[in-house]
Amino acid sequence: MQNHPFYIFLLFLLSPGAGRQVAAQSVNTPILNQYIETGLAQNLALQQQQLDWQRSLAAVRQAKALFYPTLQFNAAYTRAAGGRRIDFPIGDLLNPVYGTLNQLTQSNQFPVLPNQQIQFLPDDFHETYLGFSYPLFNSDLKFNRQIQEHLAAG
């Protein structure tokens, strides 16, 4: 606590023996109680301490939550119109061989293939997956939780 006259006065009021003396001496106790409640409600230092304490408790909850399994849902959709194309001469490579095989077998078993033109980027690509992870052993999580609990306690 800071050395502030209001805190000293508040401690004096809240001490076991002084409360009876003040109550016996004061006539307007509800007004004094209202004044004390207003002072505590508007005390910025006390509000800051309360926020710091809540923040440290949230950090402890977050450190404990790292031990739980996580489920992630990820989806991606890519549409590419145009762009680069790769010429792949599959017909020029295989058609002479297929022609020779057709002549040797005296059949039309091997078809004539056209050359292919392949788009570099996928035209219509959709990917969706679920990811599940559970930490089996990670000592950093344990130490992080202990540090956060220590910071919250002290």
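The values are calculated or read from the model by the stated rules, or taken from the named source; none is laboratory data. Computed from a predicted structure; not experimentally measured. For neighbour counting, all protein chains shown are included, and Cβ atoms are generated from backbone atoms with ideal geometry for every residue, glycine included. We work out accessible area using only protein heavy atoms, side chains counted, and drop any ligands, DNA or RNA first. Shrake-Rupley method; radii C 1.70, N 1.55, O 1.52, S 1.80 Å.
A few notes on this one:
- Annotation note: Cβ proximity below 8 Å between a residue of segment 65-86 that is closer than 15 Å to Q117 by Cβ and β-branched (V, I, T) and a residue that is open to solvent by 100 Å² or more (accessible area, probe 1.4 Å) and part of a strand (DSSP E or B) (sequence gap 6+ or interchain) occurs for I86/Q117.
- Selected residue (only one of I86, I147 is loosely packed, with under 11 Cβ neighbours inside 10 Å and among the β-branched types (V, I, T)): I86
- Complete set of residues in segment 27-76 that are of a type in the set (S, T, Y), surrounded by 11 or more Cβ atoms within 10 Å (Cβ to Cβ) and modelled with pLDDT under 85: Y35
- L94 vs. criteria modelled with pLDDT under 90 and not in a loop (DSSP other than H, G, I, E, B): no
- Qualifying residue in segment 79-89 (condition: in a helix (DSSP H, G or I) and at negative phi): no
- Looking at L151, L113, L121, L136, just one residue is in a loop (DSSP other than H, G, I, E, B) and within 22 Å of the chain's Cα centre (by Cα), and that residue is L136.
- Single match in D124, D140 (criterion: free of Cβ contacts under 8 Å to residues at least 12 places away in the same chain and either open to solvent by 100 Å² or more (accessible area, probe 1.4 Å) or touching a strand residue (DSSP E or B) at 6+ places or on another chain (Cβ under 9 Å) (or both)): D140
- Considering residues of segment 97-108 that are assigned to a loop (DSSP other than H, G, I, E, B) and open to solvent by 70 Å² or more (accessible area, probe 1.4 Å) only, the residue nearest to A153 (Cα to Cα): N108
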